[in-house]
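Asker: Submitted below is the structure of interest, expressed as structure tokens.
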Amino acid sequence: MSAPNQNPDLAEARRQRSLQQQEQIARLRIRMGKIKHKIAVISGKGGVGKSTVTVNLAAALAKTGMSVGILDADIHGPSVPRLLGLTGAQVKMGPPGVFPVPGPLGMKIISIDFFLAEEVPTIWRGPLKMGAIRQFLQDIVWGDLDVLLIDLPPGTGDEPLTIAQFLPEMDGVIVVTMPSELSSTIVKKAITFAVRLNMPIIGVVENMSGFICPHCGIKTDIFPADGGRKMAKQEGVEFLGSIPIDPKVGVGADQGKPFMIEQENSAAANAFNEVVEKVEAYLKQREQRGKPDA
Ligand SMILES: Nc1ncnc2c1ncn2[C@@H]1O[C@H](COP(=O)(O)OP(=O)(O)OP(=O)(O)O)[C@@H](O)[C@H]1O
Ligand SMILES: [Mg+2]
């Protein structure tokens with residue numbers, strides 16, 4: 001019932017908007033209800049390897065037979081299409097909604113890049129970015145998935161907040177860091193951020209940890225070794241493993257070929273197997289316990 005003296009047109013417009021919002025939320029819940037596990041990949045700052053971890057974890061899980069989706073929630077700097085050799089791909093639309101782009105190993109991929117012409121920067125403020133991410137969750141025909149991996153931009157801005165708001169059932173976050181970050185408060189901020197948003201922490205991955213010489217194969221620790229493990233212990237979170245600096249990672253990235261698919265015997269892939277095993281174990285545990293932290 002409208003309040004006395006309230007403009008009836010305004011009241012009707014509000015009612016319509018509220019119905020529309022309820023319908024959108026219901027659609028989002030139905031779409032997301034078909035996805036068993038949702039994992040976000042975050043970091044305190046840029047360039048530490050979030051997207052590299054996301055696509056390689058996705059590939060490794062897909063290789064075990066899981067159905068995997070990747071949501072590239074980095075609106076200003078989407079890099080998942082490039083890392084998977086999907087640059088220039090465009091989404092297809094149909095009556096049920098927008099279909100993700102098919103990637104290697106049957107993975108389903110969504111990125112803002114698939115909606116825009118190449119080379120067009122997204123100059124969007126918060127509400128537009130939040131709207132895009134909400135639509136990625138509510139209007140994309142993900143279908144039944146075992147895991148949806150969400151690659152987030154660095155820091156604690158609109159994108160992770162939107163994800164936390166619309167996905168309260170998140171299974172957990174993986175925090176990616178590199179040795180030079182470890183002594184600073186940046187990683188701890190990322191961990192505190194996830195905790196405040198009630199997102200369980202799966203663990204920390206230390207990337208670019210030591211350099212493997214491509215000629216002799218010997219690993220040289222450029223920064224003090226084992227900082228990630230020590231920091232994880234201090235913070236009371238799991239240490240998932242470390243990935244060395246491996247030139248093959250960069251080459252694979254430029255060619256759109258994740259090392260977990262194309263360089264299975266590389267130093268990076270061998271090290272990354274530990275991370276994959278721990279994530280699989282975490283998901284199994286969540287299933288057995290009926291997702292207690294959600
Ligand atoms: N272990 C590694 N060895 C060698 N190169 C790596 C390694 N990990 C990542 N890189 C390279 O470092 C660069 C940054 O990696 P990536 O794009 O995954 O970081 P990011 O955290 O997602 O960055 P952004 O914050 O911009 O989203 C890329 O060129 C990638 O190929
Ligand atoms: Mg990235």
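Asker: For K233, go through the aspartates and glutamates and keep the ones whose alpha-carbon is under 17 Å away, minus same-chain ones fewer than eight residues off.
Answerer: E181, E206
Asker: Right, next: Could you tell me the relative contact order of the chain? Use alpha-carbon pairs under 8 Å, at least six residues apart, and round to a whole percent.
Answerer: Working: 526 pairs, mean separation 64.6, N = 294.
Result for the chain is 22 percent.
Asker: For the range 231-275 and the range 10-85, what is the separation of their Cα centres, given in Å?
Answerer: Distance between centres, Cα-based: 22 Å.
Asker: Shifting gears a bit: Where a Cα-Cα gap under 12 Å defines reach, which aspartates and glutamates qualify for K248, not counting those fewer than 8 residues away within the same chain?
Answerer: In chain and number order, the partners are E262, E264.
Asker: Would you mind computing the Rg to Rh ratio of the range 169-285 from its alpha-carbon coordinates, Kirkwood style for Rh?
Answerer: Radius of gyration relative to Kirkwood radius: 0.99.
Asker: Still on this structure: Going by average Cβ density within 10 Å per residue, which order do the peptides 63-70, 80-87 take, highest to lowest?
Answerer: Working: 63-70: 18.9, 80-87: 21.5.
Highest-to-lowest ranking by the protection proxy: 80-87, 63-70.
Asker: Ratio to report: Rg/Rh of the range 1-100, with Cα atoms as the point set and Rh obtained by the Kirkwood method; give two decimals.
Answerer: My calculation of the ratio gives 1.15.
Asker: Under the 0.36 nm per residue contour assumption, what length would be gained going from the current alpha-carbon distance of T220 and R196 to full extension? Mind dumping the intermediate values first?
Answerer: Details: separation 24, 0.36 × 24 = 8.64 nm, distance 3.68 nm.
Going from the current span to full extension adds 5.0 nm.
Asker: Taking the highest mean first, how do the peptides 42-51, 278-287, 134-143 order by number of other beta carbon atoms within 10 angstrom per residue?
Answerer: Ranked by mean Cβ neighbours within 10 Å, highest first: 42-51, 134-143, 278-287.
Asker: Give the value in nm², to one decimal: projected area of the alpha carbon convex hull of the chain, averaged over all directions.
Answerer: Over every viewing direction, the Cα hull of the chain projects on average to 18.0 nm².
Asker: Relative contact order of the range 144-294, please, whole-number percent, based on alpha carbon pairs below 8 angstrom and at least 6 residues apart.
Answerer: Reported as a whole number, the value is 21 percent.
Asker: Now, a different point. Which of M93, M107 comes first, and how do the rest follow, when ranked by fewest Cβ neighbours within 10 Å?
Answerer: Ascending number of Cβ neighbours within 10 Å: M93, M107.
Asker: Another question, then. Sorted by average packing, counted as other Cβ atoms within 10 angstrom per residue and highest first, what order do 145-158, 213-226 take?
Answerer: Output ranking for 145-158, 213-226: 145-158, 213-226.
Bear in mind these aren't lab numbers, they're just calculated from the coordinates by the rules spelled out. These figures come from a predicted structure and were not determined experimentally. Glycine also receives a Cβ, built like all others from the backbone with ideal geometry; neighbour counts cover every protein chain displayed.
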